[in-house]
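Enquirer: Have a look at the structure that comes next, please.
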Amino acid sequence: MYFDLKDLFWLSLIVLIGLHWWQGQRVKEVALRATRRHCEELDLQLLDDSIGLRAIWLKRDASGRLRWWRSYNFEFTSSGDDRYRGRVVTLGDRVESILVPPHRI
């Protein structure tokens, strides 16, 4: 069985896309756990118990290495009446920030 160079290219591309997706799912789980914890600390309710990818980009970390920067949106409520939109940002597999806008208490 012989493989052409074109076949190896496509196989490699499919494997790289699969690895990128798998890594993205792992980072999303890390961000979701951090968001849940943050909402519990602020006595907020995370609505739909989920976060959604908003943006992805390549950025450098503090040591100068290229990492995937991801921004996720989530919705929360403090009183059960209003919905607010927050944001969690990751760089690589670490949570950089969780932003919660002003809301009713």
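The values are calculated or read from the model by the stated rules, or taken from the named source; none is laboratory data. This structure is a prediction, so every number in the text was calculated from the model and none was measured. Cβ coordinates were reconstructed from backbone atoms using ideal geometry, including for glycine residues, and neighbour counts include every protein chain displayed.
Enquirer: Could you list all residues from segment 89-105 that are part of a strand (DSSP E or B) and more than 18 Å from Arg37 (Cα to Cα)?
Expert: Scanning segment 89-105 gives a single hit, Leu91.
Enquirer: Kindly evaluate Arg26 against the criterion of being of a type in the set (Lys, Arg), more than 11 Å from Ile98 (Cβ to Cβ) and part of a helix (DSSP H, G or I).
Expert: On the way: of a type in the set (Lys, Arg): yes; more than 11 Å from Ile98 (Cβ to Cβ): yes; part of a helix (DSSP H, G or I): yes.
Against the criterion (of a type in the set (Lys, Arg), more than 11 Å from Ile98 (Cβ to Cβ) and part of a helix (DSSP H, G or I)), Arg26 qualifies.
Enquirer: Of (1) at positive phi; (2) modelled with pLDDT of 95 or more, Asp48 satisfies all except one. Which?
Expert: (2)
Enquirer: I've got another one for you. Which of the residues spanning segment 33-88 are touching a residue at least 24 places away in the same chain (Cβ under 8 Å), more than 20 Å from His20 (Cα to Cα) and in a loop (DSSP other than H, G, I, E, B)?
Expert: Leu42, Asp43, Leu44, Ser50, Ser78, Ser79, Gly80, Arg83
Enquirer: Limited to segment 44-101, what total is found for residues that are of a type outside the set (A, V, I, L, M), crowded, with 17+ Cβ neighbours inside 10 Å and more than 16 Å from the chain's Cα centre (by Cα)?
Expert: Of the residues in segment 44-101, 1 are of a type outside the set (A, V, I, L, M), crowded, with 17+ Cβ neighbours inside 10 Å and more than 16 Å from the chain's Cα centre (by Cα).
Enquirer: Report yes if some residue within segment 5-12 is among the charged types (D, E, K, R) and either assigned to a loop (DSSP other than H, G, I, E, B) or surrounded by 11 or more Cβ atoms within 10 Å (Cβ to Cβ) (or both); otherwise report no.
Expert: No: segment 5-12 contains no residue that is among the charged types (D, E, K, R) and either assigned to a loop (DSSP other than H, G, I, E, B) or surrounded by 11 or more Cβ atoms within 10 Å (Cβ to Cβ) (or both).
Enquirer: I'd like the full set of residues that are small (Gly, Ala, Ser) and at negative phi, limited to segment 87-104.
Expert: If the condition is that a residue be small (Gly, Ala, Ser) and at negative phi, then Ser97 is the only one that fits.
Enquirer: Then there's this: Looking at segment 60-67, can you tell me whether even one residue there is among the basic types (Lys, Arg), touching a strand residue (DSSP E or B) at 6+ places or on another chain (Cβ under 7 Å) and over 21 Å from Leu32 (Cα atoms)?
Expert: yes
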